[in-house]
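Before I ask anything, let me first share the structure, which is written out below as structure tokens.
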Amino acid sequence: MIEDFKENNTCTRTVNEYLNKFLNFLQVEKKYSANTLEAYYRDLVFFLNFFSNLRQVKVDVDTLESLSLFDLRKWLSTRGLDHTNSSNARAVAVLRSFFKFLKRNNLIINQEIDKLKTPKISKSLPRPVAIVDIKKIIDEIAVIRKKDWHVKRDQALIYLIYGCGLRISEALSIRLVDIQNFQNIVVMGKGKKQRIIPLLEPVTDALKKYFQICPYKFNTDLNNPLRLKGIFIKDNCQAMTRFDYNQLITLIRRKLNLSEDITPHSFRHSFATHLLQNGSDLRVIQDLLGHESLSTTQKYTKIDRVKIIEAFQKFANR
């Protein structure tokens, strides 16, 4: 994973080595996911590029040690032009973590970052997708996709995310070996933590329909190269990406004139919200979602309760 990141030519080889050591620490010791590592890398490269362009030099150890609070505020204000407050807050946290790592390993000491205020983030509630809109999206996939197996694949992915409350990255990483007799799935969540989630009949049916029509045959034969690959693949047998699916959902929501807030992650919110509204225990929802803290799950209790049992049954039995 770390080797996938190119050397940044706006800083010296030493700083690049420090950057790689930090990312390796996050990957090996903290067990951060590939997506999180990529986000950290992007934030740090933006930071290094900014000061390289500002000072017209390659960023070296002396540059990082000499940064003042004024310099850091200038960097943050520049980010504010095309980044949200939540994105900027994450970038500040990334930078603090980076400099903390450098200090702990006696590489660079600069505590000015600790004086930089984190941008305030407005805490928005999760916005679930109405079941009637989920049904519309599933039906629209059959209109947009030209190949039958693409239709079944994309529909199965929505059923899996909504029916199991998965993050899109978790769903796309599901392999055939993770599906236990079509009764449960083993999910590798954040921090490499495993959880087992029961499969509802509509989800099982959608997966089976996809497997039946998919031109690339999935089976547990030890000689099958697809045995340990993600089950959601494209024409070239390459894995689908978050970008691929986000593009599809964006296209559909705009075609159907649905809320711009609908993303692949919205179906996970819907799973949690609908379970809570149907009387499920908060601790159970926490386990299913893979939340480490109950407080993360408790945000769903603030959403207005509505009667959706009847609508859910219609969706589940379609």
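Under 5 Å between amide hydrogens, which residues at least 5 positions from residue 11 or on another chain qualify, with H placed 1.01 Å from N in the peptide plane?
Those lying under 5 Å, H to H, from residue 11 are 59.
Still on this structure: Count neighbours as other Cβ atoms within 10 Å of each site's Cβ, and list the trypsin sites (Lys or Arg not before Pro) in the stretch 16-80 that are DSSP loop with at most 14 such neighbours.
Numbers: sites: 21, 30, 31, 42, 55, 58, 73, 74, 79; in loops: 30, 31, 58.
Of the trypsin sites (Lys or Arg not before Pro), the ones in loops of the stretch 16-80 whose Cβ has at most 14 other Cβ atoms within 10 Å are 30, 31.
So what are the ³J(HN,Hα) numbers for the stretch 134-144, from phi and the Karplus equation (6.51, -1.76, 1.60; θ = phi - 60°), rounded to whole Hz, Gly and Pro as x?
4, 4, 4, 5, 4, 5, 5, 4, 5, 7, 6
Sticking with this structure for a sec: Give me the one-decimal Kirkwood hydrodynamic radius in Å for the stretch 62-173, with the sum taken over alpha-carbon pairs.
Details: mean 1/r = 0.0551 Å⁻¹.
Kirkwood radius, the stretch 62-173: 18.1 Å.
How big is the shadow of the Cα convex hull of the stretch 2-115, averaged over all directions, in nm²? Numbers along the way, then the final one.
Numbers: hull surface 27.2 nm².
It is 6.8 nm².
Moving on. How high is the FRET efficiency between residue 144 and residue 201 when r is their beta carbon distance and R₀ equals 22 Å, given to the nearest 0.05? Walk me through the intermediate numbers first.
Numbers: r = 26 Å, r/R0 = 1.18.
Plugging the Cβ-Cβ distance into 1/(1 + (r/R0)^6) gives 0.25.
Restricting things to alpha carbons, find the Rg to Rh ratio for the stretch 146-278 using the Kirkwood radius for Rh. Write out the running numbers ahead of the final one.
On the way: Rg = 14.7 Å, Rh = 15.4 Å.
Answer for the stretch 146-278: 0.95.
Quick note: the coordinates plus some simple rules give every number you see, no bench work behind them. Keep in mind that what you see is a predicted model, and the values were worked out from it rather than measured. Virtual Cβ from ideal backbone geometry, glycine too; neighbours counted across all protein chains shown.
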